[in-house]
Amino acid sequence: PISTAFDKDWHDRGTDRQTVAMTGLRPDARGTVTSVLRLKPGRYELRVAADSDGRAGSLFTDLEIADLDRVHFAVSGLLAGPRRSPAGLFGVPDVPVNPTASRLFRPGDEAAAFLRVYQRGQRDPLPVDVHMTVEDERGIRPIDETSTLSAGQFAGGSADIDYLLPLSRLGTGEHLLTIAVTCGKQVVARTMRFVVEKP
């Protein structure tokens with residue numbers, strides 16, 4: 001696989017190229033390959049491509065990295081995947097999930113969604129309200145929960161939202177997770193579509 005980030009002028013600002021041996025896997029096996037790009041704050045288009053044995057695929061997505069020295073309130077992108085022991089991940093402390101692009105889960109899986117919320121700068125931190133919902137493909141909302149990150153949780157400049165997906169409470173099929181984060185008058189929402197497969 002190869003991952004490249006382009007800036008607004010289409011300059012290559014970071015590329016990660018890997019060769020990965022994937023042998024002995026079952027036809028239905030899932031694997032994860034992680035790329036690391038060290039980028040400055042700004043907006044990018046991220047392009048990822050991979051090929052194997054004559055088959056190839058690619059995807060494009062927009063990426064924004066906030067300048068945390070200038071922005072008082074910011075929310076990371078949403079990571080999702082199997083639980084892992086909290087440990088540093090590429091220099092980022094205590095990320096409790098093994099991030100994966102797969103959005104297929106089974107009721108018995110222990111998978112989590114993770115966000116990091118930042119409050120930095122000159123102002124004192126404020127409490128942050130968190131509203132989490134899961135809606136199924138029929139428009140039914142089996143999960144509708146609220147919580148608050150206290151101002152004291154931002155003593156280090158950030159606080160985490162670590163949400164264990166309630167897969168055993170959800171029916172099979174497609175679902176939409178929405179995490180809305182409110183700080184004062186600012187609201188940032190992150191969404192993720194996922195599928196619960198039959199056991």
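Here Arg30 qualifies as within 28 Å of Val195 (Cβ to Cβ), surrounded by fewer than 11 Cβ atoms within 10 Å (Cβ to Cβ) and modelled with pLDDT under 80. Look at the stretch 1-14: where a residue is within 16 Å of Glu64 (Cβ to Cβ) and a partner is open to solvent by 40 Å² or more (accessible area, probe 1.4 Å) and basic (Lys, Arg), sitting 6+ places away or on another chain with Cβ atoms under 6 Å, you get Ala5/Arg13; Asp7/Arg13. Of the residues making up the stretch 136-148, those that are in contact (Cβ under 8 Å) with a residue 24 or more places away in the chain and surrounded by fewer than 17 Cβ atoms within 10 Å (Cβ to Cβ) are Glu137, Pro142. Restricting attention to the stretch 104-131, the residues being part of a strand (DSSP E or B) and open to solvent by 60 Å² or more (accessible area, probe 1.4 Å) number 3. Report yes if some residue within the stretch 34-43 is modelled with pLDDT of 80 or more, in a strand (DSSP E or B) and touching a strand residue (DSSP E or B) at 6+ places or on another chain (Cβ under 7 Å); otherwise report no. So far as the stretch 34-43 goes, yes, one or more of its residues are modelled with pLDDT of 80 or more, in a strand (DSSP E or B) and touching a strand residue (DSSP E or B) at 6+ places or on another chain (Cβ under 7 Å).
For the residues Arg190, Arg169, Arg103, the requirement of being in contact with a Lys or Arg (Cβ under 9 Å, 6 or more places away or on another chain) and of a type in the set (Lys, Arg) singles out Arg103. The C-beta contact set for the stretch 159-181 (first residue on the phi > 0 side of the Ramachandran plot, second residue outside any helix (DSSP H, G or I), distance under 8 angstrom, 6+ apart or interchain) comprises Gly173/Asp136; Gly173/Glu137; Gly173/Val195; Gly173/Val196. Of all the residues in the stretch 149-199, those that are part of a loop (DSSP other than H, G, I, E, B), within 14 Å of Ala112 (Cα to Cα) and open to solvent by 40 Å² or more (accessible area, probe 1.4 Å) number 0. Report yes if Val48 is farther than 21 Å from Ile179 by Cα, at pLDDT 85 or above and surrounded by 14 or more Cβ atoms within 10 Å (Cβ to Cβ), otherwise no. In short, yes.
Within the group Val95, Val117, which residue is touching a Leu at 6+ places or on another chain (Cβ under 6 Å) and under 22 Å from Met192 (Cβ atoms)?
Of Val95, Val117, the one residue that is touching a Leu at 6+ places or on another chain (Cβ under 6 Å) and under 22 Å from Met192 (Cβ atoms) is Val95.
The values are calculated or read from the model by the stated rules, or taken from the named source; none is laboratory data. Keep in mind that what you see is a predicted model, and the values were worked out from it rather than measured. Here the Cβ is made from the backbone with ideal geometry for all residues, glycine too, and neighbour counts use every protein chain on show. In case anyone asks, the SASA skips ligands and DNA or RNA and just uses the protein heavy atoms, side chains included. Shrake-Rupley method; radii C 1.70, N 1.55, O 1.52, S 1.80 Å.
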